[in-house]
Every structure is written in structure tokens, then in C-alpha cells.
Amino acid sequence: MYLVTLTDFLQQVVSGIASGGVYASLALALVLIYRAMDVANFAQGEMAMFSTFISYTLITSFNLPFYVVFPVTIAIAFAGGVVIERIMIRPFEGKSVITLVVVTLALFYLTNGMAGLIFGYILKSFPSPFSSAPISFGGIFVTVQDVGVLGVCLVILGLVYVFFRFTKVGLAMRAAALYPESSRLVGVRVSWMLALGWGLASAVGATAGMMIAPITFLDPYFMQPILLFAFAAAVLGGIESPLGAVIGGLTVGVLLALVGSYLPAGQNLRLPFALVIIVAVLLFRPAGFLGQATVRRV
Amino acid sequence: MALLELNEVQASYGSIRALHGVSLKVEEGSIVALLGANGAGKTTTLRAISGMVRASGEIRFAGHDIAGRQPEDVARLGIAHVPSGRGTMTQLTVWENLQMGAYIRRDRDRIKADYERTMRYFPWIRSRKDQVAATLSGGEQQMLAIARALMLNPKLLLLDEPSLGLAPIVIRDIFEIVKAINRDDGTTILVVEQNANLALRAAERAYVLEVGRVTLSGSSAELAGNESIRKSYLGD
């Protein structure tokens, strides 16, 4: 028997929000691809895992500082996403959803196997860019790490928002995803917009990988639970809504933190709980928080 | 000189041939109408020109043979296509729809000038730029689609059934604007219409399509006086 104090509760909420930022990032990556192709990219987590291994190699083998490794990894992840789309997705453009799902599953196993082959299966500890020193906000202790992770994720999400909202290419990508035919008629190279979308999703996913790896340790499987959490976040927020992905991510983060610390054997219940969220949302409110709102955004 | 010339253009959807050899000419600075019943191949002809459907034969536009080119490249040559059903980007704002119209252009000052020019035809758009396009009425969406096409500063404007689903009074307004665009800016226009009456009044020349072939052509006056046209398309 233990007492749940308010401080303890708030502490769990805050740390949940921090991991929620990570789920939100990967959920956003899923949403970006879903909007463009109507397909959930099952390989999104594995692509992020591979990018994280690249950053690990840059840190440990090349002794580069994190603030250099971070943008370099994001650039590599972006280029990798574009290349993967051109090689693996483009031949199947316009094919049925089920075909594309199978392709992303193939990509899942391919990426996972290649990571194992190149980087090995031994669990590695990923150096954190942030200290785990606690700081106090009015009695609630949070770590610098939590604040840093959330901050980085929010900055990346903000940049993605600014890109889509205020740049010409971002506008063209939105138009190409929703109205491919009209977009082609005004001269948008829709197929390339899809490749850019893959690049962007891959880059956002890489951020998630690098932020969570110091907490979870690194091996070729480390992103698989995170992908499930991100799916829960995306479905909860409304699979077509980028803002929904962020709200869903933060919500799922908090819920999982509470489940993990207050239910008996809670840490083991996090995965099943994420599945429960997915099933419950699909059963009772398939559009999620904002799914319908995007369809007739007024 | 003809700005656009189609020679024995054929096009198919899968194994179904929609165009069996369409030949027509659109003189620079003119309005030409493409008439015919449902399924005659009017829309397919426009789609063949803009590259949305694979076409064989010869399609000459301003000195280029564009048959088989991708729509992205055809747009870059200065052909703006307003598709049937308007192709409104409904979740985007009115302003974003217009921006998309100028997507391939880099000449900021000229885009600004073309925006001002376009607003002469559609002054109501100015005050409603930030509205989501889905909230516009059908007639407004058709006007926005034409405005978006004008933002490309096209040499040739392809209009696919601009009257579709609209009230007679709105249709009249739209055709007045189409005529004004042709008269004031010298934009060449190829318009597909089921409403032959309306089309023949706006156009100088017209072609009649039947089952994927041109069966009649001539000046609008000639066609308006033609007995079989009057029977089939003008409701006499």
C-alpha cells in the first residue's frame, strides 16, 4: 500500500509529457506519409532506428559532439528517406494500399536486418546530450533530460509546421498529398513531393530516435515499442491530422507514464495499453481527436 | 497561326479507346468550343492536351509536339487546365489556391501584376482570400478555379464544362468573364460545353465530337444555323 501524492503524480505527468514529445514526433512522421499515400509506414520506426545507429557511430567512432551529430544525422536521414522512396516506393506508386503496406513491411525487415548486420545486436548505451540532473519547478522535480527532449521535439515539430504553413514547397506538398490531379495541372511534380515527404518523415523520425535512445538504450529493436506508441498517438489524434499527432503523442506519453507507475507491473502493461488505445479509438471514434476537423476545417 | 493543333489524336483508358483520331485547330487569340454529348470524348480531348491521359498522334502547341508529355511539363509551356468539377483544393484557403496557380513561376513582380489583373475579373475574391475554399459556393469555386488558372499567366486556357451544376444566372456571369479574359488579355481559350447554345455564343469556332471523332466543325454562326446541330444540341 502506498500513497499517491500530488507531487509524485505531477512528476509522472511531466516525465510523460517528455516521452510524449518523442511519440508525437514519430506519430507526425507516420501522419506525413499517411496523408500522402493513405498508407501507414510500418518501417517508420526502423528507419528512425537506423538513423539513430548512424548518429551513434558518428559520436563513438568519429568523436563528434552531439550538436554536430544531430543536424548531420537529420540531413542523412532526410536524404535516406528520399532515396528509399525513389527506389522502393516509386515503382509501386498508384498501386493498391495492400501492395504498399507489404512494401513497407519488407522495408521494415530489410532495415532491421541491415542494422543487425552492420551494427550488431548487442545493447549499446547511447550518450545523452542532456544531463539527468534534476531541476525543481515549484516542488516538482524534472530532469534536464526531460526538458531537453521535450524542447528538441517541440522545436522540430514547430519547424515542420512553419515549413508546411509558410513555404511554397510546403504548400505544394500539402496540395500534392490531397489533390494530386489538380496539383499536376498547375505544374507540381507530385511524385517528387512524395519523395520529399518521405525525407521529411525520416528526418522527424530520426529526431525521435536520437531523443529516446539515451533513455531506452540502443539495439535494432529499440524503436519497435516506440512505433506502437506512435501509432496509438497518431490514431488517437486522428491519423490524417499533424496537430492531432502532436496532441495524441503528448496524451499517450502521459497515459503511459501513469500506467507504468501506478498499475501493478505497470511497466509491462504499457504495450498492451497502447494497443487498447488503438482498438478503443478505432471502435468508438475512428476519426480520433481531430480527424474530422481536418476534413472540413473551417 | 494556330496556337494549338491536334492531328489524328488517339487516347485510351486501359483497353477502351476514347479518342479515335481527333483533329482540330485553335487559332491564337480565339475562343474555340468543343461540343458533344456525354461520353463523346470532350473531356478526354482536354486531358490528352494537358497530358493527364496518354495520347498518340500529334499535338502541336506553340511549336512543340506535346503529345505524351507529363502534365507538369505541359503546364510549364503555358497551358492551364481547369478540370471538370473545378479541381478546387477545398481544404486550402482561397489565397493558397491562387498561390498554387502560380506554383511554377519565379517572377514575383509579374505574379503580383497577374494577381491584380485576375482580381479585375473576380473582385469578390480579394475580401475572401483567407476563407477555406470548401466554404465557397459552386459558382464561386468555378470562378476560383479560373482565377487559379489565370495565375499561371497561360497562353492557352482549357475549360472543362464551366457551367456544370451551376444556376443559369451564375453560368451567364462566368461566360461573360471568359469572354472578357479573351478580349482584354488575348488569352486563347478552348472550352468544352454540353450547353451548346452558350458555347456557340461565346466562341468563334466550334467542333462537334461524336464517339471520339470530330463530326462537324465550323464558325459558330454556321454551326448555330446547322439543322442537325439545332436538333441534337440546341433543343429545337
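The values are calculated or read from the model by the stated rules, or taken from the named source; none is laboratory data. Everything numeric here is computed off the predicted structure, so don't read it as measured data. Neighbour counts are summed over all protein chains in view; Cβ atoms, including those assigned to glycine, are modelled from backbone coordinates with ideal geometry. Protein only, heavy atoms only, side chains kept; ligands, DNA and RNA dropped before computing areas. Shrake-Rupley method; radii C 1.70, N 1.55, O 1.52, S 1.80 Å.
Details
- Some residue of the stretch A:161-170 being in a helix (DSSP H, G or I), within 14 Å of another protein chain (Cβ to nearest Cβ), open to solvent by less than 10 Å² (accessible area, probe 1.4 Å) and closer than 28 Å to B:ASP73 by Cβ: yes
- Matching entry among A:VAL68, A:VAL72 (being open to solvent by 10 Å² or more (accessible area, probe 1.4 Å) and within 19 Å of the chain's Cα centre (by Cα)): A:VAL72
- Residues that are of a type outside the set (D, E, K, R), more than 9 Å from chain A (Cβ to nearest Cβ) and buried (at least 17 other Cβ atoms within 10 Å of the Cβ) within the stretch B:63-76 comprise B:ILE66, B:ALA67, listed in sequence order.
- Test: residue in the stretch B:114-122 that is within 11 Å of chain A (Cβ to nearest Cβ) and among the acidic types (Asp, Glu): no
- Scanning the stretch A:186-200 for residues that are open to solvent by less than 10 Å² (accessible area, probe 1.4 Å) and either of a type in the set (Gly, Ala, Ser) or at the interface with chain B (Cβ under 7 Å from one of its Cβ atoms) (or both) gives A:GLY187, A:VAL188, A:ALA195, A:GLY199.
- Output for the stretch B:172-195, where each listed residue is part of a helix (DSSP H, G or I) and over 24 Å from B:SER137 (Cα atoms): B:ASN182, B:ARG183, B:ASP184, B:ASP185
- Check on A:ALA208, touching a Leu at 6+ places or on another chain (Cβ under 7 Å) and within 11 Å of another protein chain (Cβ to nearest Cβ): no
- Test: B:MET100 is open to solvent by 20 Å² or more (accessible area, probe 1.4 Å), more than 23 Å from B:LEU6 (Cβ to Cβ) and modelled with pLDDT of 95 or more: no
- Of the criteria (1) within 30 Å of A:PRO180 (Cα to Cα); (2) under 23 Å from the mean Cα position of the chain (by Cα); (3) in a loop (DSSP other than H, G, I, E, B), which one A:LYS95 fails: (2)
- Residues that are among the small types (Gly, Ala, Ser) and part of a helix (DSSP H, G or I), drawn from the stretch A:227-260: A:ALA230, A:ALA232, A:ALA233, A:ALA234, A:GLY237, A:GLY244, A:ALA245, A:GLY248, A:GLY249, A:GLY253, A:ALA257, A:GLY260
- Single match in A:ALA265, A:ALA280, A:ALA230 (criterion: touching a residue at least 60 places away in the same chain (Cβ under 8 Å) and either away from chain B (no Cβ under 14 Å) or open to solvent by 20 Å² or more (accessible area, probe 1.4 Å) (or both)): A:ALA230
- Residue satisfying all of: in the stretch B:129-171; assigned to a loop (DSSP other than H, G, I, E, B) and of a type in the set (Gly, Ala, Ser); nearest to B:ALA199 (Cα to Cα) among these: B:SER163
- Scanning the stretch B:131-186 for residues that are among the aliphatic types (A, V, I, L, M), away from chain A (no Cβ under 14 Å) and within 15 Å of the chain's Cα centre (by Cα), we see that the one that is most open to solvent (accessible area, probe 1.4 Å) is B:LEU164.
- Single residue of B:ALA37, B:ALA18, B:ALA2, B:ALA55 found to be at pLDDT below 95, open to solvent by 10 Å² or more (accessible area, probe 1.4 Å) and closer than 22 Å to B:ASN182 by Cα: B:ALA2
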